[in-house]
Amino acid sequence: MPTATRVLGPFHVCKLALDALDEVRRVQHDTLGRRGHRDDPLYRARRLLRRRADRLTGRAWARLTARLTNGDPNGEVSAAWAVAQDVMAAYATDDFTTGRDRAEQAIAAALSCPVPEVARLGRTLRAWRTELLAYFNTERASTSNGPTEAVNLLIETSRRAGHGFRSFDNYQLRLLLAHGMSTCDHGAPRIRGSRPRFAA
């Protein structure tokens, strides 16, 4: 497909940024010497950190600020959170020019960040810069990876239902049985149902 344009899916780009943020939560172990416990500030902030800033309520903002103040003494998690927010904000805007500018700013901010995990994210985004920015040069409807993921899910479902059988007939039979169906003598599918129960 020589005329095709390679475009990075927004879901996967945002996932890379949030994965880097999750890795920076190592600060929790660095400061406390253990994995997160229920009452540890960064452990309690884990879900808030992955939420987009414009979707945080006033109460959620207050909780997030307090937990970062108590659990992030050097500001490493805060820096990673800011970069992840820049990446998500680039895709949240309806204007392609603004989104492209925000994506460029996110790459620059990640590259200049002193936190190793975030700098690594910046190098990854810089390596894929052309494919990342291509999203903002095309119609969004044509850059969705949703249909491909849906087909992949169907293929995975069929493979799991087949339990390693090599014959397609076995796959077909397993799929019918998995969906509560059986075959009649003439081969047509028939829904299996429980026998009706009558009151005594």
Once ligands and nucleic acids are excluded and a 1.4 Å probe is used, how much of GLU149 is accessible, expressed in Å² to the nearest 10? 80 Å²
Which whole-number value in Å³ per residue fits the convex hull of the alpha carbons of the range 3-56? 92 Å³
Rg in Å to one decimal, and Dmax rounded to a whole Å, for the range 1-110 via C-alpha atoms: 15.9, 55
Accessible surface, the range 43-103, averaged per residue in Å² (probe 1.4 Å): 55 Å²
Ranked highest first by average number of other Cβ atoms within 10 Å, how do 116-125, 6-15 line up? 116-125, 6-15
Around ARG46 (Cβ within 9 Å, Cβ-to-Cβ, excluding ARG46; K/R +1, D/E -1) the net charge comes to +3
What distance in nm lies between label points placed 7 Å from Cα along the C-beta direction at PHE11 and TRP61? 3.1 nm
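The values are calculated or read from the model by the stated rules, or taken from the named source; none is laboratory data. The shown structure was predicted, so the numbers you read here are calculated from the model rather than taken from an experiment. Counting neighbours? That spans all protein chains shown, and the Cβs are built from the backbone with ideal geometry, glycine included. The area values use the complete protein model at the heavy-atom level, side chains included, leaving out ligands, DNA and RNA. Shrake-Rupley method; radii C 1.70, N 1.55, O 1.52, S 1.80 Å.
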